[in-house]
Amino acid sequence: MDIKKIIADGGNAMKKAVEHTQHEFATLHTGKASPGMIENIQVHVESYGMTQRLKDMAAITTPDAQTIVVQPFDKAVMDDIRKAIQAANVGINPVPQGNFMRCPVPSLSGERRLELAKRATQMAEEGKVRVRNARRDALETLKKGNKEKVVTDDDLKRSEKEIQTHTDNFTKEIEKHLKAKESDLTGN
């Protein structure tokens, strides 16, 4: 049993949990336009009889801090994209203009900012749960190895400390990203 590999795999799983949480934070609307706000919206194209993510069917850009521009690769799906963005309930109302759509991003009310800050806290908590699950999985593997006499008691204790250090570091990183996101949202 390769103890270093188990610890490294646990660390990688924790790192992925942090990255996932950061990606989730990017979907929160902070009053500044960002392609991440709409890129994963599922668009059902009736004429093709299929559903795709918006970023797979259009170029998404932000020419300024208050506007997202969506330019479909196929102009025929423009109406389907418009309906999908409206149905996603992200607070954006697309306006078709020729071969692209302008999506003005409204500024946030104080109430909406607090609501989004709470959502960011929930996302951070989910990320921390993922980190702790990665810790649990790594520890279970090591304890199983200890029971089977493949991992010594000393190696187990040392590994538990190392895994806990990883857990603490990645949890702090999520907290740091949460503080930054809350600051963006509340303007403090």
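Things to note:
- Yes/no for Ile81 being within 30 Å of Leu139 (Cα to Cα) and in contact with a helix residue (DSSP H, G or I) (Cβ under 8 Å, 6 or more places away or on another chain): no
- Pair list, Cβ < 8 Å and 6+ apart or interchain, from the stretch 163-184 residues that are touching a residue at least 12 places away in the same chain (Cβ under 8 Å) to residues that are among the hydroxyl-bearing types (Ser, Thr, Tyr) and surrounded by fewer than 20 Cβ atoms within 10 Å (Cβ to Cβ): Leu178/Thr121; Glu182/Thr121
- When the stretch 69-81 is filtered for residues that are part of a helix (DSSP H, G or I) and farther than 15 Å from Pro35 by Cα, the ones remaining, listed by number, are Lys75, Ala76, Val77, Met78, Asp79, Asp80.
- Those residues of the stretch 1-23 which are polar (S, T, N, Q) and touching a residue at least 24 places away in the same chain (Cβ under 8 Å), in sequence order: Thr21, Gln22
- Just so you know, in the stretch 1-31 the residues that are of a type in the set (S, T, N, Q) and either at pLDDT 85 or above or in a helix (DSSP H, G or I) (or both) include one that is surrounded by the most Cβ atoms within 10 Å (Cβ to Cβ), and it is Thr21.
- Scope the stretch 147-160; condition polar (S, T, N, Q) and surrounded by 18 or more Cβ atoms within 10 Å (Cβ to Cβ); matching residues: Ser159
- Here is the figure for the stretch 143-188: residues that are under 30 Å from Leu108 (Cβ atoms) and part of a helix (DSSP H, G or I) total 17.
- Pairs where the first residue, in the stretch 107-130, is among the β-branched types (Val, Ile, Thr) and the second is part of a helix (DSSP H, G or I), C-beta under 9 Å, 6+ apart: Thr121/Leu178; Thr121/Glu182; Val129/Ala17
- Yes/no for Glu140 being loosely packed, with under 15 Cβ neighbours inside 10 Å, among the acidic types (Asp, Glu), assigned to a helix (DSSP H, G or I) and under 17 Å from the mean Cα position of the chain (by Cα): no
- Subset of the stretch 113-125 [closer than 22 Å to Asn89 by Cα and not small (Gly, Ala, Ser)]: Arg113, Leu114, Glu115, Leu116, Lys118, Arg119, Thr121, Gln122, Met123
- Test: residue in the stretch 112-130 that is farther than 26 Å from Lys32 by Cα and crowded, with 16+ Cβ neighbours inside 10 Å: yes
- Positions within the stretch 41-52 being surrounded by fewer than 15 Cβ atoms within 10 Å (Cβ to Cβ) and part of a loop (DSSP other than H, G, I, E, B), in sequence order: Glu46, Ser47, Tyr48, Gly49
- Boolean, Pro106 is surrounded by fewer than 18 Cβ atoms within 10 Å (Cβ to Cβ) and either part of a loop (DSSP other than H, G, I, E, B) or polar (S, T, N, Q) (or both): yes
- The stretch 83-123, residues that are in contact with a Lys or Arg (Cβ under 8 Å, 6 or more places away or on another chain) and either within 17 Å of Lys172 (Cβ to Cβ) or of a type in the set (Val, Ile, Thr) (or both): Val95, Val105, Ala120
- So Ile85, is it β-branched (Val, Ile, Thr), in contact (Cβ under 8 Å) with a residue 24 or more places away in the chain and not in a helix (DSSP H, G or I): no
The values are calculated or read from the model by the stated rules, or taken from the named source; none is laboratory data. Treat the numbers as computed from the prediction; the structure is a model and nothing was measured. As a convention, Cβ positions derive from the backbone with ideal geometry for all residues, glycine included, and neighbour counts pool all protein chains shown.
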